Every structure is written in structure tokens, then in C-alpha cells.
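Please treat every number below as a calculation from the coordinates, not as lab data. Owing to the predicted nature of the structure, the values given are computational and were not obtained by experimental measurement. A quick note on method: Cβ atoms are made from the backbone with ideal geometry, for glycine too, and the neighbour counts reach across all protein chains shown.
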Amino acid sequence: MKKTLVFLFLSALVLSFSSCDKNDNVVLLFSVEDDKKLGKQVSEQIASDPSYKILSRSQYAQAYQYLDQVVDEILNSGEVVYKDDFVWEVYLLEDDSTLNAFATPGGYIYVYTGLIKYLDNVDALAGVLGHEIAHADLRHSSRTMQKQYGVSVLLGILLGNNENQLIEIAGQMAGQVAGLSFSREYETESDLRSVEYLAQTPYACDGAKIFFQKLENAGQGGTTPQFFSTHPSPVNRIQNIEDKAAEENCDTQLLANSGYTAFKAMLP
């Protein structure tokens with residue numbers, strides 16, 4: 001009887017503290033506001049860390065204008081669930097040796113110059129951006145954190161009214177976003193959601209596969225950068241993306257005259 005009462009009490013507490021995610025009705029202890037606070041905290045850490053060389057918006061205004069336009073096309077696809085809730089700010093990181101991009105909770109997006117220069121067309125970049133936007137939109141960081149720490153630990157913090165400790169734990173988890181060690185399930189979710197986003201834009205809806213194809217063609221399939229984890233394999237991810245594009249019956253034609261070469265020339 002006592003165990004039953006404890007279970008009912010904890011269940012009531014979970015419901016009182018939790019919020020229902022818009023995507024698939026997953027119950028999360030962290031609200032959309034928590035995601036935004038978390039993302040802001042991580043963005044401030046990145047801005048103060050000299051190892052991240054953020055390109056100036058004023059100095060590289062044209063490059064940012066081009067990048068913003070691609071992001072806006074995706075956000076205005078009508079498929080981004082938290083389009084009006086998150087900040088959706090994009091930053092260029094100067095490092096030509098890094099083929100990477102990542103997004104924090106709340107919609108802060110970071111793209112390395114190395115990735116942009118490695119890609120040959122805007123459709124491929126849109127595919128990567130769609131994938132990263134999906135990680136934020138699907139709230140993968142919050143979902144991962146809840147799985148890692150467990151409801152009981154997080155409830156203990158909430159019941160103790162220790163918001164600072166909660167944000168500290170959240171910050172530790174969000175700090176891993178730059179390393180992009182999401183689960184196989186979440187990587188696949190983001191791949192497929194990218195297709196759905198791009199299907200409603202001028203870009204090839206299967207743009208997310210182009211990066212993998214280039215790696216495979218160059219014989220680098222085993223060195224996939226962290227931002228697209230090795231689970232599942234690049235070959236499997238190409239197939240998954242192609243299958244999703246066929247299911248959506250969306251346009252896979254590359255965008256002509258996109259100005260991508262000129263965009264790359266704007267970068268240092």
C-alpha cells in the first residue's frame with residue numbers, strides 16, 4: 001500500500017513539473033523555456049571560449065546573409081514545430097580543418113567554414129542545416145538528459161527548488177552537444193526530419209545524403225565527422241534518406257544558380 005502511494009505521489013509530481021513535447025507527446029521534465037535558457041548558456045560559453053572563432057557578422061555580412069537565407073527557408077517550411085518558440089540564431093566558426101556543424105537546445109546553430117568549403121552545393125548545406133535544426137526542434141538534448149539522469153534525480157533537484165543545480169546539470173549535458181554524441185535513434189530521426197523540412201523548400205529534399213556520398217566517393221566512409229555520428233553507418237544513412245525522399249515523393253533536383261561558389265569565396 002505504501003509503495004502504491006509513493007508511486008502515485010511521484011507520478012503526480014512528474015505531471016506537475018513536466019511538459020508535453022509538441023513532436024510526439026513525449027513527457028519531458030524540461031520545458032521549452034528551459035531549452036532556451038540552456039541554449040543561451042551554451043552560446044555564451046562558446047562566445048567566451050577562444051577555441052571557437054566566431055566570424056563577425058559585420059565583417060562577413062554577405063556570408064551571413066546567404067547562410068541566414070538558407071536557414072530561413074527551412075524554418076519557413078511549415079514543418080519546424082518550434083519555429084516560433086526558439087531563437088534560431090546561426091553562427092560561422094572559422095576552422096577549415098573541421099567538417100562539422102552543431103546546434104544547441106533552443107536553436108543556436110554553428111557551422112564550421114571547413115564544412116562549407118568541403119561541400120559543393122547549397123543543397124548539401126541545407127541538408128546538414130536541416131539535420132541540425134531537427135536536433136533542436138526534436139529536443140534531443142533534453143530527451144537525452146532525461147534518459148541519462150533519470151526522472152528521480154531530476155525530480156529531487158526540482159523538489160529541492162535548486163534551479164541552479166538543475167541548470168548546471170543541464171549545462172553539462174548541453175556542453176556535449178558540440179561533441180554531438182546523439183544516439184543512433186536520434187541521428188536517424190534528424191536525418192528523416194531533414195527530408196521533411198527540405199521537401200517544402202527549393203532545395204533537394206535528400207540534400208542530407210550528399211555529404212555522406214562525397215565521403216564514400218572519396219573513400220573516407222570510415223572517418224565520418226562527429227556531427228553525423230557513425231551510428232548508423234554513412235551507407236545506411238544514405239539509404240534511409242533516399243527511402244524517406246521516395247516516401248515523401250519530393251523533389252531531389254539540385255538547385256541551379258544558387259550562388260554557392262560565391263558564398264564560399266566570401267569566407268576567410
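Whole angstrom only: what separates the Cα centroid of the range 50-94 from the Cα centroid of the range 95-152?
About 12 Å separates the Cα centre of the range 50-94 from the one of the range 95-152.
May I ask you to compute the full-extension gain from Gln65 to Gln148, defined as 0.36 nm times their residue separation minus their alpha-carbon distance, rounded to one decimal in nm? Show your work: numbers first, answer last.
Numbers: separation 83, 0.36 × 83 = 29.88 nm, distance 3.81 nm.
Net length gain for the segment: 26.1 nm.
Once phi is turned into θ = phi - 60°, what whole-Hz ³J(HN,Hα) does the Karplus curve with 6.51, -1.76 and 1.60 give for every residue of the range 77-83, x standing for Gly and Pro?
Once rounded to whole Hz, the list reads 5, x, 10, 7, 4, 9, 3.
List the residues, sorted by chain then number, that are 5 or more residues from Tyr91 or on another chain and whose placed amide H is less than 5 Å from its amide H.
Ile109, Tyr110, Val111
Can you run phi through the Karplus equation (6.51, -1.76, 1.60; θ = phi - 60°) for the range 194-200 and list ³J(HN,Hα) in whole Hz, with x for Gly and Pro?
Going residue by residue, I get 4, 4, 5, 4, 5, 4, 9 Hz, with x marking Gly and Pro.
Between Arg57 and Gln239, what length in nm is gained on full extension when 0.36 nm per residue of separation is reduced by their alpha carbon distance?
61.8 nm
Need the full-extension length gain, Asp251 to Gln45, defined as separation in residues times 0.36 nm minus the C-alpha distance. One decimal, nm. Walk me through the numbers on the way to the answer.
Values: separation 206, 0.36 × 206 = 74.16 nm, distance 3.92 nm.
Full extension from Asp251 to Gln45 adds 70.2 nm.
May I ask you to derive the FRET efficiency for Lys22 and Thr98 from their Cβ-Cβ distance with R0 = 41 Å, giving the value to the nearest 0.05? If you can, show how the numbers build up before the last one.
Working: r = 33 Å, r/R0 = 0.79.
Plugging the Cβ-Cβ distance into 1/(1 + (r/R0)^6) gives 0.80.
Pop out the ³J(HN,Hα) list for the range 203-215 in order, Karplus 6.51 cos²θ - 1.76 cosθ + 1.60 with θ = phi - 60°, rounded to Hz; leave Gly and Pro as x.
Each residue's phi maps through the Karplus curve to give 7, 4, 5, 9, x, 5, 7, 4, 4, 5, 4, 5, 4 Hz.
Taking H placed 1.01 Å from N in the peptide plane, check which residues at least 5 places from Leu29 or on another chain put their amide H under 5 Å from its amide H.
So Leu29 has HN proximity to Ser19.
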